Amino acid sequence: MMRPGLDGVSGVLNHPLIQRIRRNHSLEHATLHVLARRNPRTSMAGHSDPGGYWILGDVTLEEVKGAAQEALSRLKAGELSLALHPNCGTNIATAGMLAGVAGGLAMFGAGRRVRDKLERLPLAASLATLVMIFARPLGFFFQRRLTTSGEIHSLEIVDVRPSKRGWMRAHRVLTRG
């Protein structure tokens, strides 16, 4: 049974389209973890959608195929920590939102003069810094509960295709399930 007020969130998260994105997001993160271990000095990023996910970075098609298959196997074996990634946009958005709210609260009631606002700047910076301490664990909480899904048992990789996104090397990982 859902807690009061969360029924709407649960309904949205259980929508088949959202579930596909969440499963793909988990596999994207896991693939990035495997690739990063194999290519520690390579900058990479990913982006998930209902049809699969993109891996952006200077890695080969064979590396992405192998990493995606390993990631899927490890997730299916229960290694769900691979579904969470410290550089996920969820973490960045959480930090930005918390810092923005902290800055806004610090300015509440400051008046209209620029001088009044400048006097509150140290308070705003201090509050923003304080909330950043909580942003990382809260971002991981949101990843675990909202933006990724550990229910990936029916997920399978259909194809991995090389591509370019602008000047970047990219790979499209297509999934089903």
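What to note about this one:
- To put it simply, the accessible area of the chain at a 1.4 Å probe is 62 percent carbon and sulfur.
- Computed over the alpha-carbon atoms, segment 5-142 gives an Rg to Rh ratio of 1.12, Rh here being the Kirkwood radius from the mean inverse distance.
- With the simple spin-label model, which puts each label point 7 Å out from Cα in the Cβ direction, the ALA77 to ASP159 separation comes to 2.9 nm.
- Gaussian network model of the chain, springs between alpha carbon atoms under 10 Å - residue of ILE92, ILE133, ILE55 with greatest fluctuation: ILE133
- Distance in nm between pseudo-label sites at LYS117 and MET168 (7 Å out along the Cβ direction from Cα): 3.3
- Rounded accessible area per residue of segment 1-122, 1.4 Å, Å²: 57
- Rounded to the nearest 10 degrees, the angle from helix 16-38 to the longest Cα principal axis of the chain is 80 degrees.
- Point-charge dipole on Cβ atoms (K/R +1, D/E -1) for segment 1-101, about Cα centre, debye to 20: 200
- To the nearest ten degrees, helix 89-107 and the longest principal axis of the Cα atoms of the chain are 0 degrees apart.
- Loop sites by DSSP among the chymotrypsin sites (Phe, Trp or Tyr not before Pro) of the chain, restricted to those with at most 16 other Cβ atoms within 10 angstrom, leave 1-107 as the longest stretch without any of them.
- Alpha-carbon centroid distance for the pair segment 73-101 / segment 123-177, whole angstrom: 6
- Longest DSSP-loop-exposure-free segment, trypsin sites (Lys or Arg not before Pro), the chain, at most 12 other Cβ within 10 Å: 42-111
- Inter-label distance for ASN87 and GLN69, nm, one decimal - labels placed 7 Å from Cα along Cα-to-Cβ: 2.5
- Label zone at SER43, where the point sits 7 Å out along the Cα-to-Cβ direction: segment 138-177 residues whose backbone N lies under 19 Å: 164-171
- Between the residues MET132, GLY11, GLN143, the greatest Cα displacement towards the positive end of the dipole of the chain, with unit charges on the Cβ of Lys, Arg, Asp and Glu, is found for MET132.
- Legend: calculated FRET efficiency, PHE108 to PHE142, from the Cβ-Cβ distance at R0 = 25 Å, rounded to 0.05, equals 0.50.
- Segment LEU130..ASN14, full-extension length gain: 38.4 nm, with 0.36 nm per residue of separation and the alpha-carbon distance subtracted.
- Between helix 61-76 and the chain: long-axis angle, C-alpha atoms, 0 to 90°, nearest 10: 80
- Taking the Cα centre of the chain as origin and assigning +1 to Lys and Arg Cβ atoms and -1 to Asp and Glu Cβ atoms, the resulting dipole is close to 400 debye.
- Among THR147, THR129, THR90, residue whose mean-square fluctuation peaks in a GNM of the chain (springs only between Cα atoms under 10 Å): THR129
The values are calculated or read from the model by the stated rules, or taken from the named source; none is laboratory data. Small disclaimer: the values here were computed from a predicted structure and weren't measured. All Cβ positions, even for glycine, are placed from backbone atoms using ideal geometry, and neighbour counts span all protein chains on display. Keep in mind that these areas ignore ligands, DNA and RNA; they rest on the heavy atoms of the full protein, side chains included. Shrake-Rupley method; radii C 1.70, N 1.55, O 1.52, S 1.80 Å.
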